[in-house]
Each structure stands twice: as structure tokens, then as C-alpha cells.
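What follows is calculated from the coordinates using simple rules that are stated; it is not laboratory data. A quick note: this is a predicted structure, and the numbers were derived from the prediction, not measured. Here the Cβ positions follow ideal geometry from the backbone for every residue, glycine too, while neighbour counts run over all protein chains shown.
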Amino acid sequence: GENVEQHPSTLSVQEGDSAVIKCTYSDSASNYFPWYKQELGKGPQLIIDIRSNVGEKKDQRIAVTLNKTAKHFSLHITETQPEDSAVYFCAASRDNQGGKLIFGQGTELSVKP
Amino acid sequence: DVKVTQSSRYLVKRTGEKVFLECVQDMDHENMFWYRQDPGLGLRLIYFSYDVKMKEKGDIPEGYSVSREKKERFSLILESASTNQTSMYLCASRNQGRGYEQYFGPGTRLTVT
């Protein structure tokens, strides 16, 4: 079945460093790739997304890149801050699935001051 | 702001009990989703609903059922709770006509003893 693999499962960086989280997907028809951030005690919240007709998208300190040929996409966070500490989930979807998302396993990011 | 609320933050039930988890959204969203979240497994879709009285099985529907009698409310039912259903349960909603973003509630931590 459709699958999204996410790595690493945990990531620890120093404040100010960059963090990169990578995902691969199995369904070549997938065309929408969101990233969600889950803070402690809260539900996940969308932070950035990308469609398959775009290779890269940036929003301030976060960016997402997509390689459709290789079926992988990545989240890049620059100049990390302690408030970036959270669990991050990637996901994939395609148009005829009624908005259904297939999520990766999650990455727990810890930013040390 | 979209608000998705879940009836309980923490719930403790005994094996064999019938359990109801309630989710309410206040933005007139057509689609609603139930996920369970387990460490190392990410978010897995249990059931989703395109609209009132409509439901579709997700990836792990066994042992669960759902009810959507009103647009704003989506209930998850554990017919006979078992210890392997101890988990975090997340509800989400989505505006069908406005992209793919899902809005999540804060989650219900269910423990079955």
C-alpha cells in the first residue's frame, strides 16, 4: 500500500544550526506534500506545504524541497530556535483521495540553547 | 480561527467497555478524520467522513466504528475496548473546497486497563 518513510526519528541541534528532515513516498501519483508541527500537548498544525509542480518553497526560516523523480521531499529549518523544538510530520496525498493524508512516522526535533 | 475540540484530554477505561470519543468543529467543514498516534508509527487513519452520514474506512478500522449525524460532530466508537487500543486519538477537519489543510484537535489520551 501507499507508504511514507521519514528520517531521522530524533534530531538534536544547537540553537542557530540548521535542521533537515527527509521523507520518501511510494505512490508516484502523490501530488501534495504538507509538513505538520506538533508541540507538546497540542494537535499537529500545518507549517508549510508543496505541490508537485513546484520544486522548492520557502517561508521565512523554513523551506521544503521536492524531488519527484526520486520520490522524496525534505524540510529545512535554518537558524533554529528553542521554540522550533517539536515533533514534525511529513505527509503525502493525491487529488482523488478526498483529502486523505498518508503520514510519516514523525521526527522529534530538539533545539538546545 | 478554526477550532476543533475533543470531549476529553485523558480517558481511562476498562477492557471490554464501550468507549465514545467525541469531536466537534466550528467551521462548517465537510470532511472529518479520526487518527491514532503511536510512537514510531506516526498518525494512522482510522476512519474519515466526507459529509454528514457518510463514512469511509481508513487504514486501521478494525475494532472501531464512527458516527456522523451532524456536520459539526464526528464520533469514534470503540465497541469493546482492548489494551492494544491504548493510544493518543486525534480528530481533524478539512474544508473540502479550500485545499488540503487539516485542522487538528488537541487529542485524547486513552488508556485501556
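Could you list, in their original order, any pairs among A:Lys22/B:Lys55; A:Lys22/A:Lys68; A:Lys22/B:Lys3; A:Lys100/B:Lys70 whose Cα atoms are separated by more than 23 Å?
A:Lys22/B:Lys55; A:Lys22/B:Lys3
Multiplying the sequence separation of A:Ala29 and A:Asn67 by 0.36 nm and subtracting their Cα-Cα distance, what value in nm do you get?
Working it through step by step, the gained length comes to 12.3 nm.
Give me a single rounded figure for B:40-46: the average over its residues of other chain Cβ atoms within 10 Å of their Cβ.
5
Taking every DSSP beta bridge that has both residues in the protein assembly as shown, what percent is antiparallel when rounded to the nearest 5?
90 percent
Among A:His72, A:His7, what is the fewest-to-most ranking by other Cβ atoms within 10 Å?
A:His7, A:His72
Would you list which aspartates and glutamates come within 20 Å of B:Lys71, measuring only between C-alpha atoms, while excluding same-chain residues fewer than 8 positions from it?
B:Asp1, B:Glu22, B:Asp26, B:Asp28, B:Glu30, B:Asp51, B:Glu56, B:Glu101
Can you give the translational diffusion coefficient of region A:59-103 in µm²/s, computed by Stokes-Einstein from the Kirkwood radius over Cα pairs at 25 °C and 0.890 mPa s?
194 µm²/s
Pull up the DSSP beta bridges for chain B and report the antiparallel fraction as a percent, rounded to 5.
Around 90 percent antiparallel, to the nearest 5.
What is the local net charge at A:Gln81, summed over the other residues whose Cβ is closer than 10 Å to its Cβ (Lys, Arg +1; Asp, Glu -1)?
Summing Lys/Arg as +1 and Asp/Glu as -1 gives -3.
What is the sum of charges around A:Tyr25, taking Lys and Arg as +1, Asp and Glu as -1, for the other residues whose C-beta is under 9 Å from the C-beta of A:Tyr25?
-2
Most exposed first by the Cβ proxy, i.e. fewest other Cβ within 10 Å, how do B:Tyr64, B:Tyr100, A:Tyr36 rank?
B:Tyr64, B:Tyr100, A:Tyr36
Among B:Asn84, A:Ala70, A:Ser26, flag the residue with its Cα farthest along the positive direction of the charge dipole of the protein assembly as shown, charges on Cβ as +1 for Lys/Arg and -1 for Asp/Glu.
B:Asn84
What size of dipole, in debye to the nearest 20, comes out for the protein assembly as shown about its Cα centre when the only charges are +1 on Lys and Arg C-beta atoms and -1 on Asp and Glu C-beta atoms?
Dipole about the Cα centre, nearest 20: 420 debye.
If you find the alpha carbon centre of region A:13-47 and of region B:79-111, how far apart are they in angstrom?
Each part's Cα centre sits 18 Å from the other's.
Percent relative contact order of chain B, based on C-alpha pairs within less than 8 angstrom and at least six residues apart?
Taking the mean separation of contacting Cα pairs over the length of chain B, I get 36 percent.
Out of every Cα-Cα pair in chain B, what percent are more than 21 Å apart?
The proportion of pairs with Cα distances above 21 Å equals 29 percent.
Set the Förster radius R0 to 41 Å, insert the Cβ-Cβ distance between A:Asp17 and B:Lys53 as r into 1/(1 + (r/R0)^6), and round the FRET efficiency to 0.05.
Working from the Cβ atoms, E equals 0.20.
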